[in-house]
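To start, the structure itself, in structure tokens.
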Amino acid sequence: MKMDNLAVMMENKKSSRDWGMIIERYEGGKILTSTWANLPEWLPLAPASLIPAIIQDADSRAVLMLVTLNQEALQRIAATGRVHYYHPRKRKVVLKGESSGHFQEIVEIRLNCQGDQLLLRVKPRGGACEWGYDSCFFRRLEEDGWQTADPRAFDPEEVYPEFAFSH
């Protein structure tokens, strides 16, 4: 992965607030902004490359998901300020919340020390897990095996009728 822009920013000691350029976009007749407009430029990926991203609740700090992003997902994040990711089973980029309405608005993006992993802090608008939990990490390993550690946040059959329930 090419990290020239990141290296230049670190040399110049620019904060992460300097990374994004606010741009205007129109949605439903309203002017909206995206602070992540330069994300694809600051984190260039080769066409077939993927970068892992941890999705974390900005308020509770709970880890919600682990996803992979490609260049298209970065471009969509930059344009909307919402989580998009590469869905391996569907073999395409999807908007988190597209079918459930459980969108995730990005409030902060962090890059790890080696420049090959992201942390996206979000304001979730519902549960993250298609199994009905706030987090995809709802199982805990105990002495007798994997146990459900968290309560269900919603009924997945009502939210995802297209799965009806294939899990």
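None of the figures in this text is laboratory data; all of them are computed from the coordinates on show. All values derive from a computational prediction rather than experimental measurement. Neighbour counts are summed over all protein chains in view; Cβ atoms, including those assigned to glycine, are modelled from backbone coordinates with ideal geometry.
Give all pairs with beta carbons closer than 6 Å in which a residue from region 134-152 that is within 23 Å of Val122 (Cα to Cα) and touching a residue at least 12 places away in the same chain (Cβ under 8 Å) meets a residue that is surrounded by 10 or more Cβ atoms within 10 Å (Cβ to Cβ) and of a type in the set (Lys, Arg); count only pairs at least 6 apart in sequence or on separate chains. Partner pairs satisfying both residue conditions: none exist. Selection over region 30-84 of residues that are part of a loop (DSSP other than H, G, I, E, B), within 13 Å of the chain's Cα centre (by Cα) and touching a residue at least 40 places away in the same chain (Cβ under 8 Å) gives a count of 3. Taking region 80-113 as the range and being of a type in the set (A, V, I, L, M, F, W, C) and closer than 18 Å to Leu39 by Cβ as the test, the residues that pass are Val83, Val93, Val94, Leu95, Phe103, Ile106, Val107, Ile109, Leu111.
Within region 82-105, being surrounded by fewer than 20 Cβ atoms within 10 Å (Cβ to Cβ) and either out of contact with any Phe, Trp or Tyr (no Cβ under 9 Å at 6 or more places or on another chain) or on the phi > 0 side of the Ramachandran plot (or both) holds for Tyr86, His87, Pro88, Arg89, Lys90, Arg91, Gly97, Glu98, Gly101, Phe103, Glu105. Within region 104-121, residues that are closer than 19 Å to Asp134 by Cα and free of Cβ contacts under 8 Å to residues at least 40 places away in the same chain reach partners that are assigned to a strand (DSSP E or B) and of a type in the set (A, V, I, L, M, F, W, C) with beta carbons closer than 9 Å, at six or more positions or on different chains, in the pairs Glu105/Val122.
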